[in-house]
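Heads up, the thing below is written out as structure tokens.
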Amino acid sequence: MKYRKIEHFISSVTAASVAAILIQYVYPLNTLQMRAVYIFDFIVVVILAIDFIIRMNASEDGRLKFVLKQWYEIPAMIPLVAFTLLENDLMTGAAAAAVVL
């Protein structure tokens with residue numbers, strides 16, 4: 001029963017994170033609002049990582065087998081700010097390449 005409550009909490013937090021990310025793309029946000037989205041997303045990433053580690057350590061299959069079975073959860077643990085930085089670096093690199101050419 002206790003684990004079911006944790007599952008509901010993880011699902012709710014993840015859904016709220018997805019909603020925050022969608023809001024970022026639908027509505028123009030100012031710097032303070034974007035910072036709040038990034039902080040919230042980072043908190044969600046920490047919660048997901050802690051849950052993943054706890055489940056991995058409790059797994060009877062062993063750590064490697066658990067990771068191989070649950071690999072799809074790992075990309076969800078990449079903070080949104082990392083994608084934003086990557087996107088900005090790609091844009092800057094593309095602009096620099098265009099200027100050089």
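Quick notes on this one:
- Full-stretch length increase - LEU68, VAL46 - with 0.36 nm per residue and alpha-carbon distance subtracted: 5.9 nm
- √(5λ) per eigenvalue of the Cα gyration tensor, the stretch 1-54, largest first, Å: 26, 12, 7
- Where a label projected 7 Å from the Cα of ALA16 along Cα→Cβ would reach, residues of the stretch 30-49 with amide N under 16 Å: 36-49
Any read-out appearing in this document is the output of simple, stated calculations on the displayed coordinates, not a laboratory observation. All values reported here derive from a predicted model rather than from experimental measurement. Because the Cβ atoms are built from the backbone with ideal geometry, glycine has one as well, and the counts that use them run over all protein chains shown.
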